[in-house]
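The values are calculated or read from the model by the stated rules, or taken from the named source; none is laboratory data. Being a predicted model, the structure only gives us computed values, none of them experimental. Glycine gets a Cβ as well: all are built from the backbone with ideal geometry, and neighbour counts include every protein chain shown. Protein only, heavy atoms only, side chains kept; ligands, DNA and RNA dropped before computing areas. Shrake-Rupley method; radii C 1.70, N 1.55, O 1.52, S 1.80 Å.
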Amino acid sequence: MELPSTISIASSLFLPIVSFFLGIIYGYEIRKVSARLQSRRGPWLLVPKSLRGTLGVTRLFQPLYDIIKLLCKESLLPSTSTKGLFRSSPYIALICVIVAAAFTPVATYSHLASFELSLVVILYLLLGVPFAFILGGAASASPWGVIGSQREAELMLAYETPLVIAAFSIATMADSLSVQKIIDVQATRLPFLLLNPLAAVAFLVAIIGKLHLKPFDVPEAEVEIVAGPVTEYGGRLLAIIEIVKTFLIAICVGLFIALFLAGGLVPGYDKLFSIPTFLLEGLLIVLVMTMIHTLNPRFRIDQALIWYVRVPTILAISGLVWAYAFRHFFPAFI
Amino acid sequence: MRLGLKEKARAYSPWIFHAHAGGCNNCDIELAACFAPRFDLERMGIQLRNNPRHADIFLVTGPAPKQIAPILRRVYDQLPNPKVAIACGSCAITGGVYNRDDKKPNYAIGGPVEKLIPIDVLVPGCPPRPESIIQGIMLALEKLRHR
Ligand code: SF4
């Protein structure tokens, strides 16, 4: 890795902002598509003309309005909580996620992604988010928070395994732990989605667990344990948590595209062309995840654990075996 | 009408906490209809939250029996400021069918809700139609914006 230049510093500061706005769009898509699948309307894309005076022109930035509203509210601290930990854990998650966003390439543009171990860095930083949530839920001293934290810890063990194995099977095939290198390997050949679909499916399912979408929203199960670890959060602290979730969607989707879809690069086209394909692929992946989210009921925590071990982990391990076999039979590929 | 970003965000994404304080459950069904396909309040960014700490609007249905009255106050205090409260249905406003004779008040009623918590908007009807609940929420938003 060369010495950081002014451009690379500027781009790593700029990338989290781009990621945040991508996350807002994806968050809107999740709400809109799940509403349409339930034959509701969902937040208006274009508000009817007669209501524009009071309701604004578009609701594309609905998650952003939620966040701003929460930022302008007071936050209440429960008297029984461990105050320092309760207050600081959302900020820990925020820092992890912002740094991870600087490492995740948006449409192949990221200077930090060319760092040799960037894949490992991203995976570790993403691990910091559930840890912060577990700490915050446990520190809130509310029974819902504690149950939610416990479930979060169990679920984390379940989804982290296929996530990491799938990511590393791709690293094995590309013979590199740098996200930029993995993208470059795919750009000249085939995307890894076609070369190793087993790992892709395992990775996607693991992402769904990480984002707490429907079959795996056990830690935040809204009618069982009010909101899980975030039950006692309100106002500004809840806004920080919403920001973290927004970032998390963008990072997970961006990582999927980088690892399996060549970061939006299409062979034979210019690098600039990867921006629209990146957006399109991101929207498609979120669409698939939202369909799974809407069409499924929630697992119980033990079912979720067993299912994660039975299906995605096995898939990921077969993906890893396939990666080694691939390297053995096609050594010329790398 | 030009709005600042803060007022805009406040008016565009209110989250509702629904407190059921006695009552016959019909108002709750009408409220559920507001979030169902026909009236879908999520068009305007309104969400139903089951956690008072996340909510902006406190919506009470039912006459608040003596047993529930102190809890209602406590839950109201758990909403972070700024907040507004809506009393939905005749029995939240006056006692309705549960308090038919003013000379002989019902022994079990701790309400009307206005006696317990500061209410901003009243939505009459037994039960009120979803349209009137939506109008009540819109009126509450006008107040919430300037809190
Ligand atoms: S106002 Fe009427 S419909 Fe509503 S809860 Fe009371 S009795 Fe039931």
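Odds and ends about this structure:
- Hits in segment A:38-83 (condition: closer than 17 Å to A:VAL230 by Cα and open to solvent by 50 Å² or more (accessible area, probe 1.4 Å)): A:LEU71, A:GLU74, A:LEU77, A:SER79, A:THR80, A:THR82, A:LYS83
- The set of residues in segment B:107-147 that are open to solvent by 50 Å² or more (accessible area, probe 1.4 Å), within 16 Å of the ligand (Cβ to nearest atom) and in a loop (DSSP other than H, G, I, E, B) comprises B:PRO124, B:CYS126, B:ARG129.
- Taking segment B:39-87 as the range and being over 24 Å from A:ARG31 (Cβ atoms), part of a strand (DSSP E or B) and either open to solvent by 10 Å² or more (accessible area, probe 1.4 Å) or in contact with a Pro (Cβ under 8 Å, 6 or more places away or on another chain) (or both) as the test, the residues that pass are B:PRO65, B:ALA85, B:ALA87.
- The set of residues in segment B:7-26 being modelled with pLDDT of 85 or more, open to solvent by 20 Å² or more (accessible area, probe 1.4 Å) and not in a loop (DSSP other than H, G, I, E, B) consists of B:PHE17, B:HIS18, B:HIS20, B:ASN26.
- For segment B:27-38, filtering for residues that are within 13 Å of the ligand (Cβ to nearest atom), open to solvent by 40 Å² or more (accessible area, probe 1.4 Å) and free of Cβ contacts under 8 Å to residues at least 40 places away in the same chain leaves 1.
- Which listed residue, of A:LYS69, A:LYS73, is within 8 Å of chain B (Cβ to nearest Cβ), of a type in the set (D, E, K, R) and in contact with a Ser or Thr (Cβ under 7 Å, 6 or more places away or on another chain): A:LYS69
Residue-by-condition table, conditions (1) farther than 23 Å from A:CYS96 by Cα; (2) of a type in the set (Val, Ile, Thr):
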{"site": "A:ILE170", "(1), (2)": "yes, yes"}
{"site": "A:MET173", "(1), (2)": "yes, no"}
{"site": "A:VAL185", "(1), (2)": "yes, yes"}
{"site": "A:ALA202", "(1), (2)": "yes, no"}
{"site": "A:HIS212", "(1), (2)": "no, no"}
{"site": "A:VAL230", "(1), (2)": "no, yes"}
{"site": "A:ARG236", "(1), (2)": "no, no"}
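- Pairing residues of segment B:41-58 that are more than 8 Å from every other protein chain (Cβ to nearest Cβ) and more than 13 Å from A:LEU70 (Cα to Cα) with residues that are part of a helix (DSSP H, G or I) and not aliphatic (A, V, I, L, M), at Cβ distances under 8 Å and at least 6 apart in sequence or on separate chains, gives B:LEU41/B:CYS34; B:PRO52/B:TYR76; B:PHE58/B:PRO52; B:PHE58/B:TYR76.
- Exclusive hit being more than 9 Å from chain B (Cβ to nearest Cβ), in contact with a His (Cβ under 7 Å, 6 or more places away or on another chain) and either of a type outside the set (Ser, Thr, Tyr) or open to solvent by less than 20 Å² (accessible area, probe 1.4 Å) (or both), set A:SER12, A:SER19, A:SER34: A:SER34
- Within the option set A:VAL266, A:VAL253, being touching a helix residue (DSSP H, G or I) at 6+ places or on another chain (Cβ under 9 Å) and without any contact (Cβ under 8 Å) to a residue 12 or more places away in the chain holds for one residue only, A:VAL266.
- Residue among B:PRO70, B:PRO65, B:PRO80 that alone is over 15 Å from the mean Cα position of the chain (by Cα), away from the ligand (no atom under 16 Å from the Cβ) and more than 11 Å from every other protein chain (Cβ to nearest Cβ): B:PRO70
To keep it simple, each residue is scored yes or no on (1) of a type in the set (Gly, Ala, Ser); (2) open to solvent by 50 Å² or more (accessible area, probe 1.4 Å).
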{"position": "A:ILE251", "(1), (2)": "no, no"}
{"position": "A:PRO267", "(1), (2)": "no, yes"}
{"position": "A:ILE275", "(1), (2)": "no, yes"}
{"position": "A:LEU283", "(1), (2)": "no, yes"}
{"position": "A:MET291", "(1), (2)": "no, yes"}
{"position": "A:LEU295", "(1), (2)": "no, yes"}
{"position": "A:ARG298", "(1), (2)": "no, yes"}
{"position": "A:ALA304", "(1), (2)": "yes, no"}
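- Selected residue (criterion: nearest to the other protein chains (Cβ to nearest Cβ)) from residues of segment B:85-106 that are more than 12 Å from the ligand (Cβ to nearest atom) and aliphatic (A, V, I, L, M): B:ALA85
- Apart from one condition, A:ALA187 fits all of (1) open to solvent by 10 Å² or more (accessible area, probe 1.4 Å); (2) within 17 Å of A:TRP307 (Cβ to Cβ); (3) among the small types (Gly, Ala, Ser); the exception is (2).
- Boolean, B:ARG49 is basic (Lys, Arg) and within 16 Å of the ligand (Cβ to nearest atom): no
- Any hit, segment A:270-289, residues being under 14 Å from A:PRO162 (Cβ atoms), free of Cβ contacts under 8 Å to residues at least 24 places away in the same chain and of a type in the set (A, V, I, L, M): no
- Filtered residue count, segment A:144-175, keeping only those that are open to solvent by 10 Å² or more (accessible area, probe 1.4 Å), more than 21 Å from the chain's Cα centre (by Cα) and touching a residue at least 40 places away in the same chain (Cβ under 8 Å): 4
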